[in-house]
Amino acid sequence: MFAMTGHAEVAVVLNSGEGTVSVIDKASMTETRRISVGKEPHHLMATPDDKFLIVANAASNDLVFLDPLTGEVKRRVDKISDPYQIGFSPDKKWFVSVSIRLDRVDIYNGADFSLVKRIETPKAPSHVAFSPDSSLAFITLQDSDEIAAIDLKTQTIKWKVKVGRMPAGVWVTADEKYLLVGMTGADYVEVVDWHTQKTVKKISTGKGAHNFLALGDGKRVFVSNRVSNTVNIIDQSSLAVVDTFNITGGPDCMELTKDGKQLWVTSRWAKKVTVVDLASKQIVKEIPVGKSPHGIYFFSHAGRK
């Protein structure tokens, strides 16, 4: 784990519509600067050792590595084709880039980002999750209404299964039995048994069910609903919604403070980050940022499971 120093902690927000990163002082909840990083930065993630924060620039075809404590640009990796969504396999062997514009999933070496295989997919591959043993990458196919499982050992599509309209975010439940899939074109989360490739349940959420984030307790997960302007909490054991609160502006990506008290949400259509106190479910602050804010990250976050 990369230890924090004397820096005031920042939140990093990707402004997809203007190619910038907003750096927000977490304590004062104000944007302190805005940095140009490339074209269409949509998603981001920390490296497995937490030393860098990777920003994926879909239209610039590159990755930018930031200091996770300050937001400063440290280096750039070119020739990463259309990295819309990205992820490391749990064993860190593979780095997967989902290319929504090119209908393709690219598999890179997780150590040096050298290209291993390009896999053509049905239309609009969107989000990625991994089986805990790193054998499979689960890819939602947004315009094909499917999920595909890619065998990472053979770099081939192992299976595809039909789901609801416009699947986006995908989450592996804590018990490793199911995939939760946000239906952006509908109003539910579809529960898929990935071992048998069958849908077992549909959890009513809100319109535009889109992305997931763990509460860090190994039991519950958030889902954002971009159209209904709500966020639900889903219990991963009962596979049911246990709480709901309102967030305006098209809630999208989320980050949770380490103590579990505040949820920070990018409001995609409103150029703001919304901070919610989870105890009261009240909005604490709306922080102005750039155009079409998408990914969000800060170093001291809750657990990812």
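The values are calculated or read from the model by the stated rules, or taken from the named source; none is laboratory data. From a predicted model like this one, the values you see are computed outputs, not experimental measurements. Cβ sites come from the backbone with ideal geometry, for glycine too, and all protein chains shown count toward neighbours.
Observations on the model:
- Residue in the range 148-157 that is more than 20 Å from D235 (Cα to Cα), part of a strand (DSSP E or B) and basic (K, R) present: no
- Residue in the range 181-195 that is touching a residue at least 60 places away in the same chain (Cβ under 8 Å), under 30 Å from F52 (Cα atoms) and touching a strand residue (DSSP E or B) at 6+ places or on another chain (Cβ under 8 Å) present: no
- Every residue from the range 1-58 that is modelled with pLDDT under 95, surrounded by fewer than 15 Cβ atoms within 10 Å (Cβ to Cβ) and not hydrophobic (A, V, I, L, M, F, W, C): T5, G6, H7
- So V200, is it assigned to a strand (DSSP E or B), farther than 21 Å from V128 by Cβ and touching a strand residue (DSSP E or B) at 6+ places or on another chain (Cβ under 9 Å): yes
- Within the range 107-126, the set of residues being under 21 Å from G169 (Cα atoms) and assigned to a strand (DSSP E or B) comprises I107, I119, E120, P125, S126.
- Residue match in the range 6-19 (condition: touching a His at 6+ places or on another chain (Cβ under 9 Å), among the β-branched types (V, I, T) and touching a residue at least 24 places away in the same chain (Cβ under 8 Å)): yes
- Scanning the range 202-238 for residues that are hydrophobic (A, V, I, L, M, F, W, C) and either buried (at least 19 other Cβ atoms within 10 Å of the Cβ) or closer than 21 Å to G185 by Cβ (or both) gives I203, A209, F212, L213, A214, L215, V221, F222, V223, V227, V231, I234.
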